[in-house]
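The structure appears below as structure tokens.
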Amino acid sequence: MKKTDIKISGMHCASCSAIITKALNKEGGVKSAYVNFSTEKATIEFDSKQTNENKLIAAIKNKGYDGHVITEGDTKTEFKEQKRDLIRLRNKVILSSIFASPALVISMFFMDGSFPFQDYLLWFLATPVQFYIGKQFYQGAWAALKNKTSNMDTLIAVGTSAAYFYSVYVVLFNPQGHQYFEAAAVLITLVVLGKYLEAIAKGRTSEAISKLMKFGAKTATIIRNGKEIKLSIDDVKQGDLILVKPGEKIPVDGIIKEGHSAIDESMVTGESLPVEKKKGDNVIGSTINKQGSFRFQATKVGSETTLSRIIKLIEEAQTKKAPIQRFADAISAYFVPIVIFIALLAFTTWFAIFNSAFSFALVAAVAVLVIACPCALGLATPTAIMVGTGKGAKEGILIKGGDALETAHKLKFVVFDKTGTITKGQPEVTDIVTSTGISETKLLEVAGSIENDSEHPLAEAIVNKAKERKVKFSKINSFKSITGRGVKAKIGKKEYYLGNLRLMNELKIKIGSLQKEMDRLESEGKTAMFLVEGKKILGIIAVADEIKVDSPKAIAQLQKLGLQVYMITGDNKRTAQAIAHKVGIQNYFAEVLPEDKSSYVKKLQRKGKVAMVGDGINDAPALAQADIGIAMGSGTDVAMETGNVVLMRNNLTDIPKAIKLSRMTMSKIRQNMFWALFYNVLGIPVAAGVLYPITGWLLNPMIAGGAMALSSVSVITNSLLLKYKKL
């Protein structure tokens, strides 16, 4: 089986993606096909013996769209295309507003028709909006018609065309009648504005990938024939011997052949502590070398590096993420044909059967189309989402797009990254345990003096604690780092060791009475370091990445909302269990590799909707894979760009608030849909003249327009009430 991604152009709404998905799945040899309207990409798995990319593109073109196979260079050009599309949409909104705004003002303030040449002026203002700005809706409606279906574009095209062409008829043949030029122009302007706001949200997904690309190293120092050569990262080949100096970015993935160092892998793994590396250890491209120099052999270059794979994971997760099928789009397939049928039936019945005047029959048909115009239906979702996202922003919860707000109410699982999310991401001294006769001040004085010149985060935690206690540092005569174990130093004539249990075992130093304390500290997920003078243990200094104050409260609130909470970490099971227990989490995944986080999210997605909470680049694929990605505001730009929700205050208690806000917003959307359809269901039969033979009531287009406006006002007012709800 072969897998390919195809970029599709020409889609107008979510139903377009459904049409293409259906067409691709009908192709022989296609195992699965999915088209994402948001990213405008199709992911197809197929048997290359039965079909190929050209046949698949032909199937897409047959439905009235265009497509091409995505290559590595497409990602960069895609950013430029999106910017151009965004500018085009923005210009359309501005141009449409220039024509629609005066039309609305004239219609509102000169309802008696006293403005000079009012009808002709309104005709002039509405025409460019109807046919230039509204061209895309006619194209969308035509594409749907060719595929024997209908969509929101059909509703907008039919509704505004009915209002526009009836208004032309009024101006030319019935000057005493009421025209609806401004209704058509304003409706198109509002819909185009909605599409512009949607395009802004869509653009943010590619920004995440763009920022990730910037993290990669640009050059590498290659050793060839004993000489150092600076090459572009694109020219590095598998098997090359590469030199990395202190402070440099590691260019590609590989294995150390000479030397050792401490490497900051936080931008990939999310872990705050640098990792000690020696001969035979793997190094990851784009991570930063902190201390020593070393040479390594390139094992993965180009698209095979860890960073490139993370980028690919984000792209795949975004492509596969199912778009939100808006209720309005779902019902339009049935609603539009029914409305058009009723309008034609009303015209035919009055004109052909009851022999009414042509103008009478036309008024009945147009009244049906005008009252059915999807203004309220189109406003029902976006107005609630605009108010909801605005309320979220005031609470420090940045919700990027309506999809996130709509999806969050369906969540079943919330998965937390540990480092920097549940914990602070900065190691601190948590415990000082001294041997008999040794004071804490003495212990900190010696340990602080030894570590004062070291840049290791554990050393920094000890020095900060010593400074906090205002301890004076002594002069160090000699200092030696023992890779992966600790340090050795001399103060005066005394020799000291500060390191882990492994170092103690190598030095054959017995822990004795401190064994119980060490077990306790490690069971709590803390790193225990022993300070030794000669062969005598002075005590233990424990360092840990402390839990954020709000973590337990946030997790308890989520559980109260009926959500299952998980923690995911690269730490060992003992540390993971200790942290999970402290914050009240029953379920956790330990010893998880960075690139595997998204696969754990996938497993949970088989049981229900999943939110992922994280802050590091290593979290980006999982944030993208999850139904909702929640990023910490203090995290990396990439995590923030990939996440659907960003907590600007870095307060985890904002997560349950975001979910409550989603539930409230969805409730408003359902109410809005009721009011939007209520007027249509009630008004369409009256507009068609069902009550005319009995009561003499005929809903003329002016009253139909008023009812349409009333339904819009009720929807907007209902949405605004969301502002006053307490989270």
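The values are calculated or read from the model by the stated rules, or taken from the named source; none is laboratory data. Here the structure is a predicted model, which is why all the values come from computation and not from measurement. Cβ placement follows ideal geometry from the backbone for every residue including glycine, while neighbour counts extend to all protein chains displayed. The protein model used for the area step is the full one, side chains on, heavy atoms only, and it has no ligands, DNA or RNA in it. Shrake-Rupley method; radii C 1.70, N 1.55, O 1.52, S 1.80 Å.
Using 1/(1 + (r/R0)^6) with R0 = 56 angstrom and r between the beta carbons of F360 and R90, what's the FRET efficiency to the nearest 0.05?
The formula returns an efficiency of 0.80 here.
Starting from the amide H of F416, placed 1.01 Å from N in the peptide plane, find each other amide H under 5 Å away whose residue is 5 or more places distant or on another chain.
Y566, M567, I568, V613
Could you compute how fast region 424-531 diffuses translationally, taking Rh as the Kirkwood radius over C-alpha pairs and applying Stokes-Einstein at 10 °C with viscosity 1.306 mPa s? Give it in µm² per second.
On the way: Rh = 14.4 Å.
In µm²/s, the coefficient is 110.
Please compute the per residue accessible area over the chain with all protein chains in place, 1.4 Å probe, rounded to a whole number of Å².
Details: 33730 Å² over 727 residues.
That works out to 46 Å² per residue.
If you take the Cα Rg of region 51-139 and divide it by 2.2 N^0.38 Å, with N the number of residues, what do you get? Spell out each step's value before the answer.
Working: Rg = 20.9 Å, N = 89, 2.2 N^0.38 = 12.1 Å.
Rounded to two decimals, the normalised Rg is 1.73.
Pairs of alpha-carbon atoms within less than 8 angstrom and 6+ residues apart define the contacts here; what relative contact order does region 464-582 have, in percent? Write down the numbers at each step before the final one.
Values: 134 pairs, mean separation 20.9, N = 119.
Relative CO of region 464-582 lands at 18 percent.
I need the helices of the chain that pass two filters: whole DSSP H segments spanning 30 Å or more by Cα along the axis, and mean Kyte-Doolittle score no lower than -1.0.
Result, helices passing both filters: 74-109, 152-173, 181-215, 327-348, 654-688.
The chain: longest stretch without exposed GluC sites (Glu not before Pro) (DSSP loop, at most 14 other Cβ within 10 Å), sites themselves excluded? Each step should come with its number before you reach the end.
Values: sites that count: E72, E455, E591.
No qualifying site falls inside 73-454, the longest such stretch.
Is there a quick way to get the dipole size of the chain? I mean about its Cα centre, with the Cβ of Lys and Arg at +1 and of Asp and Glu at -1; what is the value in debye to the nearest 20? Please report the intermediate quantities before stating the final value.
Values: 94 positive and 67 negative charges, 330 e Å.
Using Cβ point charges on Lys, Arg, Asp and Glu, the chain gives about 1580 debye.
Give, in nm to one decimal, the length gained when the segment between S478 and I547 is fully stretched (0.36 nm per residue of separation minus the Cα-Cα distance).
Value of the extension gain: 21.3 nm.
Leaving out ligands, DNA and RNA, and with a 1.4 Å probe, what % of the accessible surface on region 497-561 is carbon or sulfur? It would help to have the intermediate numbers written out before the result.
Details: 1620 of 3120 Å².
Of all accessible area on region 497-561, carbon and sulfur atoms account for 52 percent.
Extension gain K582-R469, at 0.36 nm per residue separation less the Cα-Cα distance, in nm?
On the way: separation 113, 0.36 × 113 = 40.68 nm, distance 2.73 nm.
Taking K582 through R469 to full extension adds about 38.0 nm, to one decimal.
Just the number, please: carbon plus sulfur as a percent of the accessible area of region 60-196, 1.4 Å probe, no ligands or DNA/RNA counted.
Values: 4740 of 7280 Å².
That fraction is 65 percent.
I need to check one value: relative contact order of the chain, counting alpha carbon pairs closer than 8 Å and at least 6 residues apart, in percent.
Numbers: 1379 pairs, mean separation 93.9, N = 727.
The value is 13 percent.
Using DSSP, restrict attention to beta bridges with both residues in the chain and report what percent are antiparallel, rounded to the nearest 5. List each step's numbers first, then the result.
Details: 75 of 95 bridges.
Restricted to the chain, the bridges split so that about 80 percent are antiparallel.
In deg cm²/dmol, rounded to 500, what helix-only [θ] at 222 nm does the chain give when every DSSP H run of at least 4 residues adds -39500 (n - 2.57) and the total is split over its residues?
Values: 25 runs with 360 residues, N = 727.
Dividing the helical sum by the residues of the chain leaves -16000 deg cm²/dmol.
My understanding is that a pair violates if its Cα-Cα distance is over 20 Å; which of K7/K135; K22/K195; K412/K726; K573/K597; K3/K49; K41/K83 do that in this structure?
Working: K7/K135 23 Å; K22/K195 24 Å; K412/K726 23 Å; K573/K597 16 Å; K3/K49 13 Å; K41/K83 17 Å.
Table pairs above 20 Å Cα-Cα are K7/K135; K22/K195; K412/K726.
If you work out semi-axes √(5λ) of the Cα gyration tensor in Å from the coordinates, which of (1) 48, 38, 21; (2) 50, 29, 24; (3) 65, 29, 21 do you get?
(3)
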